[in-house]
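Let me begin by presenting the structure, written as structure tokens, before commenting on it.
The values are calculated or read from the model by the stated rules, or taken from the named source; none is laboratory data. Note that the coordinates shown come from a computational prediction; the quantities given were computed from them, not determined experimentally. Glycine also receives a Cβ, built like all others from the backbone with ideal geometry; neighbour counts cover every protein chain displayed.
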Amino acid sequence: MKTEKKQTKYIFVTGGVASSLGKGIISSSLARLLLARGYSVTIQKFDPYINVDPGTLNPYEHGECYVTEDGAEADLDLGHYERFTNVYTYQVNTVTTGRIYRSVIEKERRGEYLGKTVQVIPHITDEIKRRIMLVGNKGEYDIVITEIGGTVGDIESLPHIEAVRQLRYQLGTDNSLVIHLTLIPYLAASGELKTKPTQHSVKTLLENGVQPDMLVLRTEKDLNEEVRRKVALFCNVEPDAVAQSIDVPTIYEVPLRLLEQNFDTVALRKLNLPAAKSDLKEWTAFVDKVKNPKQEVKIALVGKYTELPDAYKSISESFVHAGAANHAKVKLQYVNSEDITRENTGSLLDGMCGILVAPGFGHRGVEGKILAAEYARTKKIPYFGIGLGMQCAAIEFARNVLGYAKADSTEMEPTTPYPVVAVMEEQKNVTEKGGTMRLGAYPCTLDKKSKAAQIYGTQKISERHRHRYEFNNKYLKAFADAGMTAVGVNPATKLVEVMEIDAHPWFVGVSFHPEYKSTALNPHPLFVSFVKAAIEHCS
Ligand code: GLN
């Protein structure tokens, strides 16, 4: 029987007042609820900035750079999407204004506009629409949720909102839906909840020709019926289409709070789709574990962006997942690697049940990371090194165990006598072709007897990368002879992916980023095992 191509439905999520209201969490939560009713869903994000991708952004400004299977350097919201949905995202799921303009300008240079004047409307908006439709075109998804970054009313958001206006018209109201997220501030002095900012935000959207179908009101206090009715009335929205998103102890609870308000069934009704029974058993069990840990375990996260926890979002979320799997709450202690000196390593890392040295770029803070690795190795504290964290462990081992004075990564010290971490010859060719980093998923084969193989329960794994430098295979034997072994390598290139110290309870370094693949329902095995080792270390 020939199956008809599905009619993909589109949900647009916009936001007003402040851009950091949690559109990413709301989009992810809605996706989780729709998945629970049997629909296939993906989420896409539009970012209003001119950078072509967030790869070059300072983590202090936008939080971490997330990496997809196919190597897109993306906004950290894509991490939320995957953590909530278990559905991989790809290049098409992340679009910036810079990328839109680049395609349009390239097209113009190729003469494809046939001498016409190229303008924001229709050319930029057409490109935005094309990219929105691209995700749904393959017919893989029943529903595509498109999150429009930024704030409605900002100059830079205008073309996106205009594209949404046009698409709503083209797709029809049965096939598309606009959800608008706003803030209901609470004025403690008068004890009042204020709906005016919401009314104004919706007005701004209306000025741009878009009537939202549903509203999500961010609030610290429970909104009573009267507030909701008032908002519904002033904003031309049905009363049951006004939901609240109240502050909750864990973001993973948001889907459950929205479910209580029939948020998903109202959305489905508006999309003219049936609502099958919702199955959130696994999700609820996970949230229960997050909220009711049986014990706490202190783990140090050593990195240089410690003042902004969003810079390590995927890592901290991986610990929420792995903590739940161990019925424990991981208390992450952010330790700034720039503060670590030989004299204070012990006091800064005192009482830690495990030490994770974070990924990173550039030489700032590296010596502190190396000291943390030495401390973990010599004190036999569970150690997890990710990216630069693995490289620092290798440098430390070279200097202190192999006696290679001044061993280093050529990223930090190009003239080091012992370049134990360097750009490999084969990689240099790649670099010349324009790819400056190893990005996205690569396969890795693990030694049968390794701890990693035991942890993963398989020898064949695939993990996502984002780095330029590699362990220098010239030193493989010297390291192995002294007890630090490369137990995981890329089968084709032989590049080192996983290193372990044999005579240590738990010392694992990985060149890739396991944190990008940890999700609420699929906690990453390395994190789960590391947390377990940390609990054991402290008990
Ligand atoms: N800066 C190092 C490199 O480029 C490590 C990057 C990372 O931590 N992923 O190889």
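Specify the residue that is farthest from the chain's Cα centre (by Cα); the eligible residues are those in the stretch 500-519 that are of a type outside the set (Asp, Glu) and farther than 19 Å from residue 534 by Cβ.
Taking the stretch 500-519 as the starting set, the residues that turn out to be of a type outside the set (Asp, Glu) are 501, 503-514, 516-519.
If we keep only those that are farther than 19 Å from residue 534 by Cβ too, we end up with 511-513, 516-517, 519.
Numbers: 511: 18, 512: 15, 513: 11, 516: 6, 517: 9, 519: 10 Å.
Among those residues, the one meeting the criterion is 511.
How many of the residues in the stretch 495-517 are more than 16 Å from the ligand (Cβ to nearest atom) and in a loop (DSSP other than H, G, I, E, B)? Even if it seems obvious, please write down each step before you answer.
So in the stretch 495-517, the residues more than 16 Å from the ligand (Cβ to nearest atom) come out as 500-507.
If we keep only those that are in a loop (DSSP other than H, G, I, E, B) too, we end up with 502-506.
The qualifying residues number 5.
Annotation note: of 308, 332, 349, the sole residue that is modelled with pLDDT of 95 or more, surrounded by fewer than 24 Cβ atoms within 10 Å (Cβ to Cβ), within 24 Å of the chain's Cα centre (by Cα) and more than 12 Å from the ligand (Cβ to nearest atom) is 332.
Summed over the stretch 297-335, residues that are in contact (Cβ under 8 Å) with a residue 40 or more places away in the chain, of a type in the set (Ser, Thr, Tyr) and under 19 Å from residue 365 (Cα atoms) total 2.
Going through 278, 314, 245, 318 one at a time, which residue ends up being among the polar types (S, T, N, Q) and in contact with a His (Cβ under 6 Å, 6 or more places away or on another chain)? Explain how you work it out, then say what you get.
Working: 278 fails: in contact with a His (Cβ under 6 Å, 6 or more places away or on another chain); 314 fails: in contact with a His (Cβ under 6 Å, 6 or more places away or on another chain); 245 fails: in contact with a His (Cβ under 6 Å, 6 or more places away or on another chain).
On inspection, the qualifying residue turns out to be 318.
Every condition in (1) within 26 Å of the chain's Cα centre (by Cα); (2) of a type in the set (Asp, Glu); (3) under 28 Å from residue 379 (Cα atoms) holds for residue 463 except the one numbered (3). The one condition from (1) crowded, with 23+ Cβ neighbours inside 10 Å; (2) within 24 Å of residue 266 (Cα to Cα) that residue 160 does not meet is (2). Scanning the stretch 1-58 for residues that are of a type in the set (Gly, Ala, Ser), modelled with pLDDT of 95 or more and more than 24 Å from residue 99 (Cβ to Cβ) yields 29, 36, 38, 40. Within the stretch 388-400, residues that are among the basic types (Lys, Arg) have Cβ atoms under 7 Å from residues that are more than 8 Å from the ligand (Cβ to nearest atom) in these pairs: 399/405; 399/407, counting only partners at least 6 apart in sequence or on another chain. Any chance the stretch 509-531 includes a residue that's free of Cβ contacts under 8 Å to residues at least 40 places away in the same chain and in contact with a Gly (Cβ under 7 Å, 6 or more places away or on another chain)? No - not one qualifying residue is present in the stretch 509-531. A count restricted to the stretch 476-488 and to residues that are away from the ligand (no atom under 16 Å from the Cβ) and crowded, with 17+ Cβ neighbours inside 10 Å stands at 5. So residue 70 passes all but one of these: (1) free of Cβ contacts under 8 Å to residues at least 12 places away in the same chain; (2) touching a strand residue (DSSP E or B) at 6+ places or on another chain (Cβ under 6 Å). Which condition number does it fail? The single condition residue 70 does not satisfy is (1).
Close contacts from the stretch 206-231, counting a first residue that is of a type in the set (S, T, N, Q) and a second that is modelled with pLDDT under 95 and in a strand (DSSP E or B), with Cβ to Cβ under 6 Å and a gap of 6+ residues or different chains, come to 219/246. Entry remark, the stretch 401-411: residues being of a type in the set (A, V, I, L, M), free of Cβ contacts under 8 Å to residues at least 60 places away in the same chain and either out of contact with any Asp or Glu (no Cβ under 9 Å at 6 or more places or on another chain) or not in a loop (DSSP other than H, G, I, E, B) (or both) number 1 in total. Across the stretch 354-366, the number of residues qualifying as within 11 Å of the ligand (Cβ to nearest atom), among the hydrophobic types (A, V, I, L, M, F, W, C) and at pLDDT 95 or above comes to 3. Hey, can you tell me all the residues within the stretch 392-425 that are closer than 19 Å to residue 503 by Cα, within 30 Å of the chain's Cα centre (by Cα) and not hydrophobic (A, V, I, L, M, F, W, C)? Passing the criteria: only 396. Would you check if residue 462 is small (Gly, Ala, Ser) and without any contact (Cβ under 8 Å) to a residue 40 or more places away in the chain? So residue 462 fits the description; yes.
The sole residue among 325, 393 that is in contact with a helix residue (DSSP H, G or I) (Cβ under 8 Å, 6 or more places away or on another chain), within 18 Å of residue 483 (Cβ to Cβ) and at pLDDT 95 or above is 393. Among the residues of the stretch 441-466, write down those that are within 13 Å of the ligand (Cβ to nearest atom) and in contact with a Lys or Arg (Cβ under 6 Å, 6 or more places away or on another chain). Result: 465, single match. From the list 248, 254, the one residue that fits, being of a type in the set (Val, Ile, Thr) and at pLDDT below 95, is 248. Taking the conditions (1) closer than 29 Å to residue 74 by Cα; (2) crowded, with 16+ Cβ neighbours inside 10 Å; (3) modelled with pLDDT of 95 or more in turn, residue 153 satisfies each one other than (3).
Inside the stretch 479-494, can you point out the residues that are within 29 Å of residue 88 (Cα to Cα), free of Cβ contacts under 8 Å to residues at least 24 places away in the same chain and outside any loop (DSSP other than H, G, I, E, B)? Correct list: 486 only. Within the stretch 263-287, being closer than 17 Å to residue 252 by Cα, touching a Lys or Arg at 6+ places or on another chain (Cβ under 9 Å) and surrounded by fewer than 16 Cβ atoms within 10 Å (Cβ to Cβ) holds for one residue alone: 279. If you go through the stretch 367-419 and pick out every residue that is surrounded by fewer than 24 Cβ atoms within 10 Å (Cβ to Cβ) and within 14 Å of the ligand (Cβ to nearest atom), you end up with 7.
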